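Read the figures in this text as sums done on the coordinates, not as results from a lab. Quick caveat: nothing in here was measured; it's all calculated off a predicted structure. Positions of Cβ are generated from backbone atoms using ideal geometry, with glycine treated the same way; all protein chains shown enter the neighbour counts.
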Amino acid sequence: MAELWKGAPAAAALTEKLAVQAAALRQAGVVPTLAIVRVGERPEDLSYERGAVKRCEKVGIQVKQFVLPKESSHGDLLEVIHQINADRAIHGCLLFRPLPPHMDEEAICAALDPAKDVDGITAGSLAAVFTGRGAGYPPCTAQACLEILDHYGCDLTGKRAVVVGRSLVVGKPLAMLLLGCNATVTLCHTRTADLPAECRRAEVLIAAAGVANMIGRDHLAPGQLVLDVGINVDQEGNLVGDVDFAAADEVAAAVTPVPGGVGAVTTSVLAAHVLQAAEQSQSQK
Ligand code: NDP
């Protein structure tokens, strides 16, 4: 049986450290503050927002919510982003996406100051992840994978890491983060010639494809550390990952569950980024 790598203990350990960091900032007169921007009332946004607010409360981060009706104009949302950029008391901004189709999402993301982009949605943030220079933060989900590996004592140096999925939200930035930890990284996608073989070669296998249970026995090898980023609904309406959990449980050394794995760590990473942004703004005073 594989070791079960739940996200909650990693999130709790990080939260404890962050609370100390937030208290120090408050002592120095800085109230770390996150702006949450939501257009409309999509249930998944509301659920993530509740989790983020709760996490921020635990850490000692103030949250300012900006909620726009879904029929708001592109200009209305742009105005909110400009307001957040200009407000020195706001250190980070979480913007829920996708935006309604009548809004130009790329232009909205581009308008956000990368120094406040705590979820890696601007080109500036991604450039920072790729170059190691400049303002910005990696997407929280990508970094949550590293937090879990770190929490459970995995040293990535020299390890063969295989990521399934090459999106800008997870796969690509995650590949850069793994590389930064000295792993040897392979990125797989729909055109990968022999996906099962690529996956079997991995010591650390991270699935972020968005296809329910696609990583099966064929893709797995004994001793692997398997992280499941996928969040999918199966035919019975259950929330499942990209990894066939039973197969991983039988073969791998460790596996993260869905729900309760990588997803459970993202709000802690978000809080960590807000505190980094607050510290950064303080050092620039
Ligand atoms: P995208 O749809 O943007 O990207 C999916 C990627 O997976 C693409 O690069 C695609 O390849 C690849 N892919 C899809 N099907 C296959 C396949 N059969 N074989 C190989 N590669 C495949 O998804 P995201 O990156 O946004 O999200 C991925 C998953 O992670 C989703 O389930 C999503 O819900 C979840 N997620 C979870 C979060 C969390 O907090 N835990 C946060 C964000 C996302 P190609 O480029 O060739 O099309």
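Restricting attention to the stretch 12-30, and to residues there that are in contact (Cβ under 8 Å) with a residue 60 or more places away in the chain and assigned to a loop (DSSP other than H, G, I, E, B), which single residue is nearest to the chain's Cα centre (by Cα)?
Looking at the filtered set, the residue picked out is 30.
Looking at (1) more than 16 Å from the chain's Cα centre (by Cα); (2) within 21 Å of residue 119 (Cβ to Cβ); (3) of a type in the set (Gly, Ala, Ser), can you tell me which one residue 175 breaks?
For residue 175, the failing item is (1).
Output the qualifying pairs, or none if there are none: Cβ atoms under 6 angstrom, residues six or more apart or on different chains, first residue in the stretch 177-195 and of a type in the set (A, V, I, L, M, F, W, C), second residue in a loop (DSSP other than H, G, I, E, B) and more than 16 Å from the ligand (Cβ to nearest atom).
Partner pairs satisfying both residue conditions: 181/156; 183/156; 183/159.
Has the stretch 257-273 got at least one residue that is in contact (Cβ under 8 Å) with a residue 60 or more places away in the chain, outside any helix (DSSP H, G or I) and surrounded by 24 or more Cβ atoms within 10 Å (Cβ to Cβ)?
Taking the stretch 257-273 first, the residues in contact (Cβ under 8 Å) with a residue 60 or more places away in the chain are 257, 260-273.
Going one step further and asking which of them are outside any helix (DSSP H, G or I), we end up with 257, 260-261.
Of the ones still in play, those that are also surrounded by 24 or more Cβ atoms within 10 Å (Cβ to Cβ) are 261.
Yes, the stretch 257-273 contains at least one residue that is in contact (Cβ under 8 Å) with a residue 60 or more places away in the chain, outside any helix (DSSP H, G or I) and surrounded by 24 or more Cβ atoms within 10 Å (Cβ to Cβ).
Quickly run through the stretch 246-275 and pick out the residues that are of a type in the set (S, T, N, Q) and within 10 Å of the ligand (Cβ to nearest atom). Talk me through it step by step, then tell me what you get.
Taking the stretch 246-275 and keeping what is of a type in the set (S, T, N, Q), we get 256, 266-268.
If the condition is that a residue be of a type in the set (S, T, N, Q) and within 10 Å of the ligand (Cβ to nearest atom), then 256, 266, 267 are the ones that fit.
Name, by its number, the condition in (1) of a type in the set (Asp, Glu); (2) under 18 Å from residue 152 (Cβ atoms); (3) free of Cβ contacts under 8 Å to residues at least 24 places away in the same chain that does not hold for residue 218.
The number of the failed condition is (2).
State the number of residues belonging to the stretch 182-193 that are within 15 Å of the ligand (Cβ to nearest atom) and within 22 Å of residue 141 (Cβ to Cβ).
As a first pass, look at the stretch 182-193 and keep what is within 15 Å of the ligand (Cβ to nearest atom): 185-193.
Filter again for within 22 Å of residue 141 (Cβ to Cβ), leaving 185-190, 192.
Selection size over the stretch 182-193: 7.
Please count how many residues of the stretch 194-244 are away from the ligand (no atom under 13 Å from the Cβ), part of a loop (DSSP other than H, G, I, E, B) and not charged (D, E, K, R).
9
Look through 70, 64 and report the one residue that is more than 29 Å from residue 19 (Cβ to Cβ), surrounded by fewer than 20 Cβ atoms within 10 Å (Cβ to Cβ), touching a strand residue (DSSP E or B) at 6+ places or on another chain (Cβ under 7 Å) and among the basic types (Lys, Arg). Write out each step before concluding.
Values: 64 fails: more than 29 Å from residue 19 (Cβ to Cβ).
One residue alone meets the criteria, 70.
Does residue 119 count as more than 18 Å from residue 10 (Cα to Cα), touching a strand residue (DSSP E or B) at 6+ places or on another chain (Cβ under 9 Å) and surrounded by fewer than 22 Cβ atoms within 10 Å (Cβ to Cβ)?
The answer is no for residue 119.
Exactly one of (1) under 28 Å from residue 151 (Cβ atoms); (2) out of contact with any Pro (no Cβ under 8 Å at 6 or more places or on another chain) is unmet by residue 61. Its number?
So the condition that residue 61 fails would be (2).
Answer yes or no: is there a residue in the stretch 125-147 that is buried (at least 18 other Cβ atoms within 10 Å of the Cβ), aliphatic (A, V, I, L, M), away from the ligand (no atom under 16 Å from the Cβ) and closer than 22 Å to residue 22 by Cβ.
The first filter runs over the stretch 125-147 and keeps only residues buried (at least 18 other Cβ atoms within 10 Å of the Cβ), leaving 125-126, 128-129, 136-147.
With aliphatic (A, V, I, L, M) added as a condition, the list becomes 126, 128-129, 142, 144, 146.
Of the ones still in play, those that are also away from the ligand (no atom under 16 Å from the Cβ) are 128.
Checking which are closer than 22 Å to residue 22 by Cβ leaves us with none.
No, the stretch 125-147 contains no residue that is buried (at least 18 other Cβ atoms within 10 Å of the Cβ), aliphatic (A, V, I, L, M), away from the ligand (no atom under 16 Å from the Cβ) and closer than 22 Å to residue 22 by Cβ.
Suppose we keep only residues that are within 14 Å of the ligand (Cβ to nearest atom) and assigned to a loop (DSSP other than H, G, I, E, B) within the stretch 169-181. Which one would you say is farthest from residue 97 (Cα to Cα)?
Across the stretch 169-181, the extreme among qualifying residues is 170.
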